[in-house]
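Just below is one structure, and these are the notes that go with it.
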Amino acid sequence: MRNPVVATIIPILILLLAVFSFSSCGDDDDDSSSSDPDDTGDDDADDDSDDDVDDDVDDDVDDDDLDDDVDDDIPETTEGFAYAPAGMFTMGSPVEEPGHRENEKQHDVALTSHFEILESEVTQSMFEEVMGYNPSYFNALGQAPNKPVEQVSWYDALAYSNKLSQQHGYDACYALSDIVCANDNPGDATDYCVNDGGVKEATVALSGIDSQYDCEGFRLPTEAEWEYAARAGTTTAHYGGDVLEIGCAPLDANLHPIAWYCGNAALETHPVKTRMPNDWGLYDMIGNLMEWTGDDYHTDASPDAADPEVFNDAYYRVVRGTAMRFHSPQRARAAYRAAYTPKFRERWIGFRVARTLPPDAEKSLPNYDFRVGHGSDKVDSGRMARDLPDSLPFTFTRPDVGVPLTTQEIDEFTGKITGLWKDIDYFQWLNRITHGMDKSNPDGYPPFGLYWQDVNPVKSGSTVTFEHHGNADNLMIATGKIFNTVAAIYLATGDAQYARLVELYCQGVVALIRGLLFNAEDPDKYLMARAIFPGDHSYSYDGRDSAVSYDGSKHYDYDWNAHTVPNPENPDYGNIWVRNWRSQDDVPHIYRMTPMVQRVVDEATDEAVLAAAENALEYLQGFARDIVDSGYTIRSREQGDVHVPLTESGFRIADLASFSVYEPILPNSQCDPKLTTALISYSDPLDNDCGNGLGGLYEFIATTGNYYNYMIIRYFHIAAVYNALMWGYDDLAQTLLEGLAKRTDDSMYDLSMPNRDHDAWNADVAAYLLAAGAAGLPLTSDEAQFIAQQYSKAVDHYETWPYWDLWDASVGDGTYAYSPGESGADGRVVRDEEIAMLIEYCWSPFRNPAGAEVVNCDVILDPTQWGN
């Protein structure tokens, strides 16, 4: 969250502000370990005391199905390479393995040739010796020769293989032609763009052979060879054993000794051979860098086969292994499969090379009988068979402050707020302006709807066209708030107009995620876009003609916080544009709506609504799980490749996309979002102990720098309480509620809080109080009075807006605002997406009976009584 220098902050805070670079989009656009922890001495490259590579006795105990005894008859290998015998293994992972993904279906594979494979990832010195340059980010001014080379494309890895083959007198495996260098200069197969940043694009074929396995020289291992070598005969998640932890902390006792991963790598690569090798003498097969393989990527695993390979021209190439920076133990597994486009280069991808041993090392075709039935690749949709709590599970009270509203005042306020909803036909208005892709579209694209920003309705005759003109960076803030309102009234009434909105918004969540897919084979399918801009279309609803034009948003836009780029082959919507780099600004509202989606799954009576909610729940949980498994980083996609947003300098992860970037300086500074992410994704706190949920110094700095950071921090706290209650962590929820009560008292009475004079303060606090009340906070009489005052002021503002029905004959042709806006004559009022939050408050099972009465909830939840 981006902070200006604040002159009033004491010197230590000025120093911290200089270190931090908080990022938020500003105001109403709503965008808002340094040393080796290992003390066993095994990070010495010469420390092989525990490995059994050179043992004469098989010292494995139940960890493999192949002897690792020395065989005097094994073929001779190249210096620095390990021997991998021909054999058969089960590729993939069982469905019960933590982190299992649908692209890891188990199947049996036979490798019929012995091969050799480099003991470590190709190091920077190895690469520079062969290629004549070093592209690595983690180069430490040229003093990192033993760190693995990174920032190499798949083409660069092929070029290295060819050059290494030539040095050893072998025929090259690959033929590269039509070479384009990283700087877009033409290249050739002589130096492979050595002076131009490496190879960006090329036409690739096998050189005079039909199969990678037939190549004489060095090559990338096939995907099957890679996993076979990584396992070295073991059948557990990785050669160190089973997955013991989910997140980056605490350290996984099985993984820590063998791999540099997000729990111990301090966000950088480390010299190769400084973790324990597997039984075949291979280092860093798990951890340090992900590694290119020779195969094309396809989601469906190959069937049981001998010597499987796919070397065509697919969109993605297979990448295996684990990145030191963004991979938790859930991904640090031998079966984990990822994919990137061949031109992609980043600081977490490297490679190692392999070579089929010559024919005199006889081919050995095992006498095998392929087994079947290793498990299903079906992913749980997320509908959990459990009883959801239907009340606050503990007693929680606060001292009452202020004068209670009288019965007459409550009735008058209830009539006033519900009268507005009725008079402006609020929910039908939402139905009319919510759009995305109508189900009547001629191409049969999946329907969805969202509450947009950066759009103007243009009326011409009887048709209103929604013309998009901006990036819609944070549309899930408003959409998330509205969803909870419409879901609550739908569950209270079952009415069709509310059901339609619930269905559309659930579909909208899925569309934002699936819209970020650049290819149907993408293995990381749960990353979320900020916005997608599909095809233009026309439709009718409620007797009103509408159209959508996204043309004004379909242009390249490279901002500090996101990029708008084309996605020409999206598997769901065809040729679209996307706004990538999902920011944390929207995430508290996404997280707060997730328990409500779960409620809809549990209680919906309409089959269409149920199906949409089940689908949305799967994608919401998948979105959160990817964040946990990436070290609490919100990954995105850049031109098809998974991408982690970095600061403009490229020095560190952008704070807009991370819940952990400030951990080294302010430990647990963003605990509430981490806790909530863990609860949604794994129904477990994952050792996130947030205490009362207050962020102390971090929050002070963040809110001093940008007012809108209050919204992010407050709603993450509420989301943490709400999800803890939903998952039965009652003690945790109760402690968080204590902090929420303190946060509320400060918001109401502490006049020294930074940016307290912002003109949206009162309106924002009023909406926050209702959201907190829905999560179990008992409201005081002062707060009830405050809500009634602020919401009554909003009614006075909104009832004068004349364009709630643009299709009405009284409205002439022209361009109008999408919504009335919250700027009133004497300051901001409650936003229009918050104007009906009393419905969620009244409906919530967690509404605290100890709280002061604000409205007549029986009337709020019964539209037939609105306005009485």
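Key figures for this structure:
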read-out: Over segment 211-337, equivalent-ellipsoid semi-axes from the Cα gyration tensor in Å; value: 26, 15, 14
read-out: Surrounding net charge for Val130, when Lys and Arg each add one and Asp and Glu each subtract one, Cβ distance under 12 Å; value: -3
read-out: Solvent exposure of the chain as accessible area per residue, Å², 1.4 Å probe; value: 36
read-out: With every protein chain in place, the chain: carbon and sulfur % of accessible area (1.4 Å); value: 47
read-out: Amide N of segment 498-520 lying under 16 Å from the label point, which is placed 7 angstrom from the Cα of Glu569 along Cα→Cβ; value: 516-520
read-out: Value of [θ]222 nm, deg cm²/dmol, for the chain, DSSP H segments ≥ 4, -39500 (n - 2.57) each, nearest 500; value: -9000 deg cm²/dmol
read-out: Local net charge near Pro754, Cβ-Cβ under 13 Å (Lys/Arg +1, Asp/Glu -1); value: -3
read-out: 11 Å beta-carbon shell around Val795, net charge (K/R +1, D/E -1); value: -1
read-out: Span from the segment 436-456 Cα centroid across to the segment 221-262 one, whole angstrom; value: 43
read-out: Gap separating the Cα centres of segment 708-777 and segment 390-407, nearest whole Å; value: 16
read-out: Ranked packing of 484-495, 505-516, most packed first, by mean Cβ within 10 Å; value: 505-516, 484-495
read-out: Considering only the chain, percent of DSSP beta bridges that pair antiparallel, nearest 5; value: 90
read-out: Test item: Cα-centred dipole of the chain, Lys/Arg +1 and Asp/Glu -1 on Cβ, debye; value: 4060
read-out: Size descriptor, Kirkwood hydrodynamic radius, that averages inverse alpha-carbon separations across the chain, Å; value: 29.0
read-out: Histogram of C-alpha separations across segment 760-799, 10 Å bin width, %; value: 31, 55, 14, 0
read-out: Cα centroid separation, segment 586-646 to segment 792-807 (Å); value: 33
read-out: Extension gain from Glu607 to Ala520, taking 0.36 nm per residue of separation minus the Cα-Cα distance; value: 28.6 nm
read-out: Highest average packing first - 703-715, 533-545, Cβ atoms within 10 Å; value: 703-715, 533-545
read-out: Segment 766-778 - phi-based ³J(HN,Hα) in whole Hz, Karplus 6.51/-1.76/1.60, Gly and Pro as x; value: 4, 5, 4, 4, 5, 5, 5, x, 5, 9, x, 6, x
read-out: Set of segment 774-816 residues, backbone N closer than 13 Å to the point 7 Å along the Cα-Cβ line of Asp826; value: 789-790, 792-794, 796-797
read-out: Point-charge dipole on Cβ atoms (K/R +1, D/E -1) for segment 99-214, about Cα centre, debye to 20; value: 220
read-out: Estimated dipole of segment 770-842 in Debye, rounded to 20 [Cβ of Lys and Arg +1, of Asp and Glu -1, Cα centre]; value: 160
read-out: Linear extension gain, Tyr133 paired with Gln167, 0.36 nm per residue minus alpha-carbon span; value: 10.6 nm
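The values are calculated or read from the model by the stated rules, or taken from the named source; none is laboratory data. Fair warning: this is a prediction, and the values are worked out from it, not measured in the lab. Cβ coordinates were reconstructed from backbone atoms using ideal geometry, including for glycine residues, and neighbour counts include every protein chain displayed. Only protein heavy atoms, including side chains, enter the accessible area calculation; ligands, DNA and RNA are left aside. Shrake-Rupley method; radii C 1.70, N 1.55, O 1.52, S 1.80 Å.
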